[in-house]
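*Asks:* Would you mind keeping the following structure in view while I ask a few things?
The values are calculated or read from the model by the stated rules, or taken from the named source; none is laboratory data. Because the structure is a prediction, the values reported are computed rather than measured. We place every Cβ from the backbone using ideal geometry, glycine too, and count neighbours over all the protein chains shown. Each accessible area value is taken on the protein alone, full model and side chains, heavy atoms only, with ligands, DNA and RNA left out. Shrake-Rupley method; radii C 1.70, N 1.55, O 1.52, S 1.80 Å.
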Amino acid sequence: MGKVAVRWAFAALALIALPSCHRPAQPIEEQTVVDPDEWPNWGRTGTETHYSPLDEIDTGNVSALKLAWHFDLEPGYTPTTPLMAEGKVFITTGHSHIRALDAVTGRQLWEYDGGTRERAKTALQMSWGSKGIAYDAGHVFLVTTDGYVVSLDAKTGRQAWKTMDFPDDAPRNANGAPRVFGGKVITGFGGGDISPARGFVSAYDARTGKLAWRFYTTPGDEVTPANRKAEEVMRKTWPSGWKNPDGTRRGGGGTAWNAFAYDAELRLVYLGVGNGFPYNQNLRSPGGGDNLFLASVVAVNVDTGEYKWHYQLCPGEQWDCTATSDMTLATLTIDGKDRKVLMQAPKNGFFYVLDRATGQFISAQKIAKVSWAERIDVKTGRPVENPGIRYNGKPGLFEMWPGPTGAHSWQPQAYSPQTGLVYVPVMDMPALIGDGQKGGGEVAAGMGVTLIPEVELPGGHKSYLKAWNPVTQTEAWRVDLPGTWPGGVMASAGGLVWQGQIDGRFVARDAMTGKELWSFRTESPIVGAPISYRVKGRQYVTVLTGAGGQGAGMQTLGNAAYRTDYRLPRRVLTFALDGKDSIAPFAMPALEPVSDPDFKPDLARAQAGAMLFGTRSCIVCHGWNAVAGGAAPDLRYSPVITDAATFRTIVKEGGLKLNGMPPFPQFTDDELETLRFYLRARAQAAPAEQKALLDKAKAAKASNARPQDFAGRWNIVIQSPIGPQKAVMDLTVKGNVVTGKVTAEQGTVDVAGGIRDGRARFEGRASMPMPITVKYDVTVRDGQLLGENSNGPFGTFPVSGTR
């Protein structure tokens with residue numbers, strides 16, 4: 001049978017498999033439907049659509065879906081996407097721990113430990129775990145977080161080959177899923193937030209493990225055969241070079257740690273490239289320039305790694321703008337013509353459609369709230385930046401939407417050719433960014449910026465599942481989601497969209513309307529994307545439960561109302577129409593405050609400890625303001641923080657390294673005690689914060705307090721991240737207008753506002769050390785002042801007071 005005939009046959013089979021009510025809205029590519037029974041790669045095929053052509057489970061019968069089997073996992077990293085091939089489900093958890101399970105029964109067949117915890121030399125090499133693995137031609141491929149690329153026999157789990165990908169000791173880690181495209185294992189790495197190390201992508205021969213090519217994403221002295229043409233393109237966009245006068249590297253980054261796609265006909269691999277380092281372009285590239293290939297999609301030849309084309313999202317990147325979100329390939333009918341396109345909804349808040357053969361810009365529109373750019377110019381494909389986005393040398397902080405976690409992070413989007421829609425987990429999350437302050441301000445040393453990534457601003461801390469029409473660049477429908485960290489998405493030919501949620505539900509929706517058709521209470525949050533496969537004519541859907549995957553400790557405050565506890569049960573859950581399995585109900589024990597009777601508040605020391613927590617990597621796993629997000633224990637409730645010897649053994653000496661907690665020998669003894677003091681202060685504040693979360697909905701209801709009830713002098717207590725803060729509030733009320741002063745140890749703030757529906761809302765300006773707005777939303781009940789204090793970008797905290 002000729003190539004054209006084969007292509008026609010696959011398309012015909014796909015159309016026959018679709019119910020008449022689910023006619024394809026866009027052309028179905030051969031790559032989307034081949035091997036429909038299996039799910040061998042991160043996005044199933046090189047098109048990275050996260051789409052299953054199976055349709056036994058559909059909109060008409062999904063309500064009958066039941067649990068077929070489950071497999072219990074140990075605590076550890078589980079926001080991953082499983083694979084299915086050869087009748088086995090392959091999963092990775094923790095630090096490259098691989099298991100093969102029988103796809104019908106869930107029985108474990110073999111397991112393999114990548115050995116990272118024993119070998120890792122730095123905290124970065126141990127951070128989180130692998131998001132996924134790959135399968136091809138009888139082998140499972142993984143990349144350990146400390147840089148080993150490994151091939152395992154899929155039948156036995158025996159190691160076939162193993163090679164080190166990292167060429168030097170620059171700080172790097174690998175936690176994205178490798179891909180196997182065109183017989184090559186494609187892998188990248190992360191670390192572009194902490195070092196000017198030069199980013200690259202490696203391709204290894206899948207049979208032998210031999211390095212086939214290495215493509216560098218920023219310029220450098222070493223020029224590989226794959227990079228000759230790319231170097232010519234890159235170097236002229238770094239007009240002042242990338243080195244310091246002493247020859248050390250000044251600028252770099254461009255790590256490609258997550259997003260890859262593949263067109264088998266064009267023989268092109270698409271690389272999603274990350275941010276630059278330092279963030280501040282004046283430090284990275286004083287002469288300006290676009291600084292390619294930062295924040296770019298780059299197409300290279302799969303056989304040689306040779307550069308073909310690029311498209312840059314954010315020229316002169318300096319805001320953690322990356323192209324590391326999933327890239328989806330499809331054929332779309334645009335202006336009456338079929339166009340082979342690449343689609344991406346990256347962190348910067350726009351949805352892009354590019355010609356994947358040439359890199360030509362086709363269209364882009366905002367998919368979330370965006371403040372850094374007005375639009376993407378249709379003629380040049382470049383952003384029209386808003387005033388203030390170039391913060392270099394300017395005072396104050398710039399309000400940036402989206403923030404560094406993005407409008408869309410690494411959680412997979414899905415595309416259905418049936419509906420022609422892309423389903424994107426979207427966030428509205430702002431940040432504040434500005435020039436680095438003298439003497440500090442950086443989240444990580446050397447970034448050159450003041451960055452507050454978890455900001456309380458109106459309209460923020462929201463997440464959605466959005467169905468997006470890439471042809472018209474319009475929203476088809478949206479669903480509001482709980483929390484601020486939405487799970488990855490899968491679409492299936494039964495007209496369904498599948499997604500897990502932070503509130504511990506696994507949901508199937510109508511792909512055309514977004515209507516919820518089925519859900520299952522999983523007992524734990526879900527972040528990883530589901531898959532679907534078929535064995536002996538029976539369709540299954542599999543997903544892993546477990547929270548985590550947030551970058552640099554962000555996206556924790558917005559989820560604090562939900563239990564994302566590290567100890568919640570993590571499982572592999574598999575569903576089918578005639579499933580007969582069940583899981584026992586589970587209830588986490590109530591959070592118990594730490595007993596610490598000897599603790600005495602000290603504001604200055606707590607603030608110093610907060611700086612250590614934020615700049616020494618603690619925040620990465622244990623969360624913003626020490627509010628954990630499920631990646632590691634919540635230290636506010638850990639008895640370890642009350643014992644200096646135990647704390648030292650774990651934090652400085654590595655006593656729990658094999659549990660995933662890296663040692664931090666660089667802490668001095670004084671710094672260690674200051675850090676512990678901060679955590680003890682957070683533990684003191686935690687019960688009041690928890691109560692405020694539980695009472696928030698109740699407190700939001702209208703009160704019968706009268707305007708005159710607010711007047712007078714109040715002794716108030718604010719439950720801040722560094723412990724209870726006392727202040728005096730003097731309020732004057734005239735009609736419904738309230739004015740006054742709030743005086744605390746740090747100074748006095750003049751406030752003004754109004755009273756409505758029994759609530760007083762007023763605000764003022766302060767400096768801590770940058771200018772911020774301090775807001776109050778309070779009511780009076782039984783003679784007591786109750787409500788919230790929004791302390792600029794640092795968060796919203798409970799406040800109470802008495803006259």
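*Asks:* Taking segment 712-721 on its own, how many of its residues are under 13 Å from Val733 (Cα atoms) and crowded, with 17+ Cβ neighbours inside 10 Å?
*Replies:* Of the residues in that region, 0 qualify.
*Asks:* Within segment 80-102, can one find any residue that is within 21 Å of Gly190 (Cα to Cα), open to solvent by 20 Å² or more (accessible area, probe 1.4 Å), without any contact (Cβ under 8 Å) to a residue 60 or more places away in the chain and outside any loop (DSSP other than H, G, I, E, B)?
*Replies:* Yes, segment 80-102 contains at least one residue that is within 21 Å of Gly190 (Cα to Cα), open to solvent by 20 Å² or more (accessible area, probe 1.4 Å), without any contact (Cβ under 8 Å) to a residue 60 or more places away in the chain and outside any loop (DSSP other than H, G, I, E, B).
*Asks:* If we scan segment 233-243, do we find a residue that is touching a strand residue (DSSP E or B) at 6+ places or on another chain (Cβ under 8 Å) and part of a loop (DSSP other than H, G, I, E, B)?
*Replies:* Yes, the conditions are met somewhere in segment 233-243.
*Asks:* Identify all residues within segment 533-549 that are crowded, with 24+ Cβ neighbours inside 10 Å and β-branched (Val, Ile, Thr); write none if there are none.
*Replies:* Val541, Thr542, Val543, Thr545
*Asks:* Here's another thing I want to ask about it. Can you name every residue in segment 745-784 that is touching a residue at least 24 places away in the same chain (Cβ under 8 Å), under 30 Å from Asp435 (Cα atoms) and aliphatic (A, V, I, L, M)?
*Replies:* Residues satisfying the conditions are Val749, Val751, Ala766, Met768, Met770, Val774.
*Asks:* Hey, another quick one. With respect to Val201, determine if the residue is assigned to a strand (DSSP E or B), in contact (Cβ under 8 Å) with a residue 60 or more places away in the chain, assigned by the TED database to the domain that holds Trp238 and in contact with an Asp or Glu (Cβ under 7 Å, 6 or more places away or on another chain).
*Replies:* The answer is no for Val201.
*Asks:* Which one of these does Val149 not meet: (1) in contact with an Asp or Glu (Cβ under 7 Å, 6 or more places away or on another chain); (2) open to solvent by 10 Å² or more (accessible area, probe 1.4 Å)?
*Replies:* (2)
*Asks:* Within segment 497-521, can you find the residues that are surrounded by fewer than 24 Cβ atoms within 10 Å (Cβ to Cβ), within 13 Å of Thr419 (Cα to Cα) and not charged (D, E, K, R)?
*Replies:* Listed by number, the residues that qualify are Met512, Thr513, Gly514.
*Asks:* Go through (1) assigned to a loop (DSSP other than H, G, I, E, B); (2) open to solvent by less than 30 Å² (accessible area, probe 1.4 Å); (3) at pLDDT below 75 for Pro793 and report which single condition fails.
*Replies:* (1)
Rundown of residues vs (1) part of a strand (DSSP E or B); (2) touching a helix residue (DSSP H, G or I) at 6+ places or on another chain (Cβ under 7 Å); (3) of a type outside the set (A, V, I, L, M, F, W, C), yes/no style:
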residue	(1), (2), (3)
Phe351	yes, no, no
Leu354	yes, no, no
Ala357	no, no, no
Val370	no, no, no
Gly381	no, no, yes
Pro387	no, no, yes
Tyr391	no, no, yes
Lys394	no, no, yes
Glu399	yes, no, yes
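*Asks:* Considering only residues that are open to solvent by 20 Å² or more (accessible area, probe 1.4 Å) and within 37 Å of the chain's Cα centre (by Cα), look in segment 722-743 and name the one that is modelled with the highest pLDDT.
*Replies:* If we take residues in segment 722-743 being open to solvent by 20 Å² or more (accessible area, probe 1.4 Å) and within 37 Å of the chain's Cα centre (by Cα), then Lys726 is modelled with the highest pLDDT.
*Asks:* How many residues are assigned to a strand (DSSP E or B) and either in contact with a His (Cβ under 8 Å, 6 or more places away or on another chain) or within 16 Å of Arg781 (Cβ to Cβ) (or both) when one looks only at segment 732-760?
*Replies:* Residues that pass the stated criteria total 3.
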